[in-house]
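The values are calculated or read from the model by the stated rules, or taken from the named source; none is laboratory data. Model, not experiment: these values are computed from the prediction. Every residue, glycine as well, gets a Cβ built from its backbone with ideal geometry; the counts of neighbours run over all protein chains shown. Heavy atoms of the whole protein, side chains included, go into the accessibility calculation; ligands, DNA and RNA do not. Shrake-Rupley method; radii C 1.70, N 1.55, O 1.52, S 1.80 Å.
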Amino acid sequence: MNLKISNICCIGAGYVGGPTMAVVAKNCPNLTIEVVDLSKKKINDWNNIDISKIPVFEPGLAEIIKEVRGKNLFFSDKIQESIEKADIIFISVNTPTKQKGVGAGKASDLKYIENCARTVARYSKGHTIVVEKSTIPVRTAEVIKKILESNNAIDNEDKKTFSILSNPEFLAEGSAINDLQNPDRILIGGEENEAKETLAKIYSQWVEPNKIIFTNLWSSELSKLTANAFLAQRISSINSISAVCEITGANIDEVAKAVGTDNRIGNKFLKTGPGFGGSCFKKDLLNLIYLCEHFGLEKVAEYWESVLKINDWQKERIRKLMVEKLFGSITNKKIAVLGFSFKANTNDTRESPSIEIVRSLLEEGANIYINDPKVSEKKITQDLYFEFIKEVDDLNKYFINEGSNYWTYSKDLEIVFKNCDAILILTEWEEYKKIDWGKTYKLMRKPAWVFDTRGVINQEDISKTNFNTWIVGKSILEN
Ligand code: UDX
Ligand code: ADP
């Protein structure tokens with residue numbers, strides 16, 4: 001087995017592949033890394049000379065790309081050539097939840113992983129280490145292994161061999177570069193020690209050895225699902241308590257602080273909000289639930305399902321509360337929605353709570369104005385109306401302007417606030433913390449409401465106005 005590594009290929013130039021490989025390239029100048037993707041557009045975007053146009057927005061990413069792109073990091077659509085050269089191949093493709101067939105709505109659709117494995121089986125040469133990076137259900141490595149080995153048997157002029165490793169990504173969007181540069185741990189699962197050590201050698205260029213954990217394949221795959229399930233569970237727990245705070249007069253920030261100072265609990269992931277979003281939590285919970293159901297662990301499946309139920313309930317209760325406070329109807333009322341990404345510092349909207357909340361407000365007949373510093377109007381249109389349509393050519397064609405059921409996008413907060421009845425804060429962007437509430441109050445129709453699902457408004461400033469306020473996990477203030 002030749003374990004000398006010089007060429008890396010990463011299949012999938014998305015949120016995981018792009019930033020991960022940028023950090024590997026920065027820390028391993030002796031390795032040549034190619035990130036390949038089926039989407040020529042995505043590759044062109046990564047190669048854009050205007051660095052602000054790269055497809056993923058992450059603090060610190062553009063600087064690293066500037067430093068390593070064209071030196072030892074390359075973005076290419078020449079998948080075959082890249083696989084042929086590679087000693088290690090990272091699989092970083094998307095694994096969406098299945099929409100049809102067995103396991104629909106729960107199991108992950110592995111068709112992209114499967115296609116990848118077939119392409120690797122076809123073009124790889126000699127010995128190749130294949131690393132699963134994508135979020136995947138437990139025992140996906142077995143699928144990859146079977147495809148690689150069975151195709152090898154048919155077309156085997158030069159003997160190809162493979163080692164399969166699981167090396168899940170724990171990066172969180174918005175802090176991806178820091179998470180990659182200073183990880184809590186690097187998890188490497190596999191059956192062959194030599195391959196595991198080869199991968200560990202790459203990470204050891206910048207990660208302390210005691211942070212590199214070796215496990216078997218299945219423990220590694222299950223650990224990723226479990227970590228995300230635990231994190232999601234914490235958010236559902238604190239969100240459930242936010243509702244209890246609102247009726248008892250307790251304050252969620254004080255409760256979170258008091259609870260989080262217990263060393264055994266810890267103070268992270270205790271921020272209440274409109275419910276968790278992002279590409280991983282829901283998908284991984286669904287994968288775990290599907291796995292449990294498949295193996296007859298009904299009670300375990302129900303337990304994890306309740307985490308998702310609370311997440312949906314939190315969004316639903318926010319919508320109901322708004323309608324109730326705005327005199328039982330929001331038809332034709334102007335509502336300013338601040339934030340569309342699933343959290344601050346990212347342009348990603350996958351599973352963003354904003355999607356469902358805005359959809360439900362539109363259904364109630366509200367006139368919605370949406371502002372987000374990073375999410376484009378086109379992306380919001382796709383999310384609100386066309387989940388499964390990739391390209392929307394003529395935006396105007398799709399705006400629903402009939403009656404009162406429509407929405408408008410604006411970068412200008414003054415336009416968004418002008419004559420509106422209520423402001424709904426859904427993402428904790430820095431700019432929303434600095435809003436001048438005195439000035440804003442004057443622009444609005446009265447009585448004026450702020451619904452803050454992230455607890456970001458400057459309370460001292462707003463208390464000097466006549467705003468009615470609802471802040472998640474705190475008492476309602478009505479003038
Ligand atoms: C998550 C995991 O953190 C990461 O380890 C994994 O690899 C991918 O999934 P990500 O989805 O990027 O990362 O974001 P994260 O910061 O975990 O936030 C997820 C959601 O939970 C967001 O909607 C966020 O607003 C919400 N959240 C997070 C809270 O509501 N409260 C918190 O205290 C933390
Ligand atoms: P993630 O958050 O997991 O990185 P993304 O959707 O952002 O997911 O990125 C996954 C990328 O993988 C997409 O750009 C998609 O075009 C690419 N992809 C999917 N299947 C293949 C494949 N067989 N070969 C190359 N690229 C692929």
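Take F75 and tell me if it is hydrophobic (A, V, I, L, M, F, W, C) and more than 20 Å from G174 (Cα to Cα).
yes
One residue stands out among those in the range 326-351 that are more than 19 Å from G365 (Cα to Cα) and open to solvent by 10 Å² or more (accessible area, probe 1.4 Å): the one that is farthest from ligand 2 (Cβ to nearest atom), which is A344. Selection of first residues in the range 122-139 that are on the phi > 0 side of the Ramachandran plot and of second residues that are away from ligand 2 (no atom under 14 Å from the Cβ), restricted to Cβ pairs under 8 Å at least 6 apart or on distinct chains, gives the following pairs, ordered by first then second residue: G126/N2; G126/D158; G126/K160; G126/T161; R139/W218; R139/E221.
In this structure, is E246 within 15 Å of ligand 1 (Cβ to nearest atom), in a helix (DSSP H, G or I) and in contact (Cβ under 8 Å) with a residue 60 or more places away in the chain?
The answer is no for E246.
Which ones in the range 52-94 are open to solvent by less than 20 Å² (accessible area, probe 1.4 Å), more than 15 Å from ligand 2 (Cβ to nearest atom) and under 22 Å from the mean Cα position of the chain (by Cα)? Matches in the range 52-94: I64, I65. Residues in the range 130-147 that are more than 18 Å from G14 (Cα to Cα), modelled with pLDDT under 80 and crowded, with 23+ Cβ neighbours inside 10 Å: P137 alone.
Confirm whether G266 is small (G, A, S), more than 16 Å from ligand 2 (Cβ to nearest atom) and in contact with a helix residue (DSSP H, G or I) (Cβ under 7 Å, 6 or more places away or on another chain).
Here the answer is yes, as G266 does meet what is asked.
For the range 95-113, filtering for residues that are surrounded by fewer than 16 Cβ atoms within 10 Å (Cβ to Cβ) and either away from ligand 1 (no atom under 16 Å from the Cβ) or polar (S, T, N, Q) (or both) leaves 7.
Within the range 303-324, one or more residues are farther than 18 Å from Q233 by Cβ, in the same structural domain as E351 (by TED's automatic domain parsing) and open to solvent by less than 10 Å² (accessible area, probe 1.4 Å). Taking the range 173-221 as the search range and keeping residues that are without any contact (Cβ under 8 Å) to a residue 24 or more places away in the chain and within 15 Å of ligand 1 (Cβ to nearest atom), which one is least open to solvent (accessible area, probe 1.4 Å)? It comes out as D179. Scanning the range 9-31 for residues that are touching a helix residue (DSSP H, G or I) at 6+ places or on another chain (Cβ under 7 Å) and closer than 17 Å to V120 by Cβ, which turns out farthest from ligand 1 (Cβ to nearest atom)? So, considering only residues that are touching a helix residue (DSSP H, G or I) at 6+ places or on another chain (Cβ under 7 Å) and closer than 17 Å to V120 by Cβ, the one farthest from ligand 1 (Cβ to nearest atom) is C9. When K299, K282 are checked against the criterion of being assigned to a helix (DSSP H, G or I) and either of a type in the set (A, V, I, L, M) or more than 16 Å from ligand 2 (Cβ to nearest atom) (or both), K299 stands alone in meeting it. The sole residue among K224, K282 that is in contact with an Asp or Glu (Cβ under 9 Å, 6 or more places away or on another chain), in the same structural domain as S475 (by TED's automatic domain parsing), under 30 Å from V102 (Cβ atoms) and surrounded by 21 or more Cβ atoms within 10 Å (Cβ to Cβ) is K282. For the range 222-236, the criterion of being of a type in the set (V, I, T), in a helix (DSSP H, G or I), under 25 Å from L288 (Cα atoms) and more than 16 Å from ligand 2 (Cβ to nearest atom) is met by at least one residue. Residues in the range 1-44 that are away from ligand 2 (no atom under 14 Å from the Cβ) and assigned to a strand (DSSP E or B) were compared, and the one that is nearest to A62 (Cα to Cα) is I33. Number of residues in the range 35-49 that are more than 26 Å from K343 (Cβ to Cβ) and open to solvent by 30 Å² or more (accessible area, probe 1.4 Å): the value is 5. Those helices (runs of 4 or more DSSP H) of the range 412-479 in which 2 or more residues are closer than 22 Å to N311 by Cβ and open to solvent by 10 Å² or more (accessible area, probe 1.4 Å) are absent. If you go through the range 56-63 one residue at a time, do you hit one that is away from ligand 1 (no atom under 16 Å from the Cβ) and in contact (Cβ under 8 Å) with a residue 24 or more places away in the chain? So far as the range 56-63 goes, no, none of its residues is away from ligand 1 (no atom under 16 Å from the Cβ) and in contact (Cβ under 8 Å) with a residue 24 or more places away in the chain.
Evaluate the following for V259: is it open to solvent by 40 Å² or more (accessible area, probe 1.4 Å), out of contact with any His (no Cβ under 6 Å at 6 or more places or on another chain) and closer than 28 Å to K106 by Cβ? No: the conditions fail for V259.
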